[in-house]
1. Look through 68, 60, 87 and report the one residue that is modelled with pLDDT of 60 or more, open to solvent by less than 60 Å² (accessible area, probe 1.4 Å), within 24 Å of residue 113 (Cβ to Cβ) and not basic (Lys, Arg).
2. Here are 145, 102: which of them is of a type outside the set (Lys, Arg), free of Cβ contacts under 8 Å to residues at least 60 places away in the same chain and open to solvent by 40 Å² or more (accessible area, probe 1.4 Å)?
3. Scan the stretch 98-128 for residues that are touching a helix residue (DSSP H, G or I) at 6+ places or on another chain (Cβ under 7 Å) and over 30 Å from residue 149 (Cα atoms) and jot them down.
Amino acid sequence: MAECHRLTFESCRLRHILTWSHRALATSSGGNVRAVAAGRIEKLWRQFFSDPSQWWDCRPEKVNSNYPDFKHKHTQDALWLVHRKKPTWVRAQLAAMAPGTVQLDMFSWNRRLARYVKAGQHEKTIELYQEIQQKGMSPDNFTFVPVLKCMR
C-alpha cells in the first residue's frame, strides 16, 4: 500500500514539475503557456512545409481523431488538421501541395494490405506490396502477414 501512495505522490510531483516548467518557459518567453504551445505547433507546420519528405501522411488510414494526420519520420512529432491551435494558413498550403508529396506511413500501408486480404482481393494485395517496394519503403513484420495469407 505504501508503494501505491509513493507512486501517486511521485507522479503528482512530476506533473507539478512539468507544469511549472511550462509556466517558467512561458514567462521567460513573455507569453503564456497557450502561446508557447501555439508557437510550437506553428513551428512544426513550418517544418512540415519546408521539407514534406520528412513526414508520413497518416490520413488515408486514420482510425480515430487521436491518431495524427502527419507524423515526422525521425522525431515522431505529430500534427493534426483538426486542432484549435493550428495556424489558419495551413489548409491553403496543403491544398497547394502536389498530391503524393507526403508519403504514407507503414501503418497506413499495412491497413490497406489487410483490408484487401479481408475482401479477398489477393491480386490487389500483391500489387500494393510491389508498390511499397518500388517506393523504397521498409516493410515491417505486420506487412508480411497479409502478403503471406494471399499466397496460400
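1. Details: 60 fails: open to solvent by less than 60 Å² (accessible area, probe 1.4 Å); 87 fails: within 24 Å of residue 113 (Cβ to Cβ).
None of the other options fit; the residue is 68.
2. Working: 102 fails: open to solvent by 40 Å² or more (accessible area, probe 1.4 Å).
Just a single option satisfies the conditions, and that option is 145.
3. Across the stretch 98-128, the qualifying residue is only 101.
The values are calculated or read from the model by the stated rules, or taken from the named source; none is laboratory data. None of the values given here were measured: they were computed from a predicted structure. Backbone-built Cβ (ideal geometry, glycine too); neighbour counts: all protein chains shown. Quick note on the areas: whole protein, heavy atoms, side chains included, nothing else; ligands and nucleic acids left out. Shrake-Rupley method; radii C 1.70, N 1.55, O 1.52, S 1.80 Å.
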